[in-house]
Amino acid sequence: MADEPLILGIETSCDETGVGIVRGHTLLADALASSVEEHARFGGVVPEVASRAHLEAIVPTMDRALADAGVTIADIDAIAVTSGPGL
C-alpha cells in the first residue's frame, strides 16, 4: 500500500470546502468546512461570499486533514482539485 501515491483532493465548488487524503483506494482522512450559514441570510449561495469563505477555510481545513492522516504536505505525491463550479 505504501507504494501507491498519496493524493490530496480539494473540493471548493459551492458552499463547502472539502479536503480528502487518499492512498490508492483508501481514504486516510477528510475534513470539511461549511459556509451554509453565511449563505442562508441571502436565500442561496452567493459566489463572492463562497469565494471568500473558501479562502478563509482552505488552509485550516487542509491542515486538519493532513494531521488526521498523520502526513505532511511534503509527503503528498499529487493534488486533485475542483476545476469548475458545482452548482
Checklist entry - How many percent of DSSP beta bridges within the chain run antiparallel, rounded to 5? => result 80 percent
Checklist entry - Relative contact order for the chain: what is it in percent, counting Cα pairs under 8 Å that are at least 6 residues apart? => result 38 percent
Item to check | Share of carbon and sulfur in the accessible heavy-atom surface of the chain [1.4 Å probe, %] | outcome: 56 percent
Checklist entry - So how far apart, in nm, are the two label points at residue 81 and residue 58 if each is 7 Å from Cα heading toward Cβ? => result 0.5 nm
Checklist outcome for this item: For 6-17, 31-42, 70-81, ranked highest to lowest by mean beta-carbon neighbours within 10 Å, the order is 6-17, 31-42, 70-81
Checklist outcome for this item: In Å², rounded to a whole number, the accessible area per residue of the chain with probe 1.4 Å is 62 Å²
Item to check | the chain: angle of helix 47-69 to the longest principal axis, Cα-based, in degrees nearest 10 | outcome: 30 degrees
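The values are calculated or read from the model by the stated rules, or taken from the named source; none is laboratory data. All values derive from a computational prediction rather than experimental measurement. As a convention, Cβ positions derive from the backbone with ideal geometry for all residues, glycine included, and neighbour counts pool all protein chains shown. The protein model used for the area step is the full one, side chains on, heavy atoms only, and it has no ligands, DNA or RNA in it. Shrake-Rupley method; radii C 1.70, N 1.55, O 1.52, S 1.80 Å.
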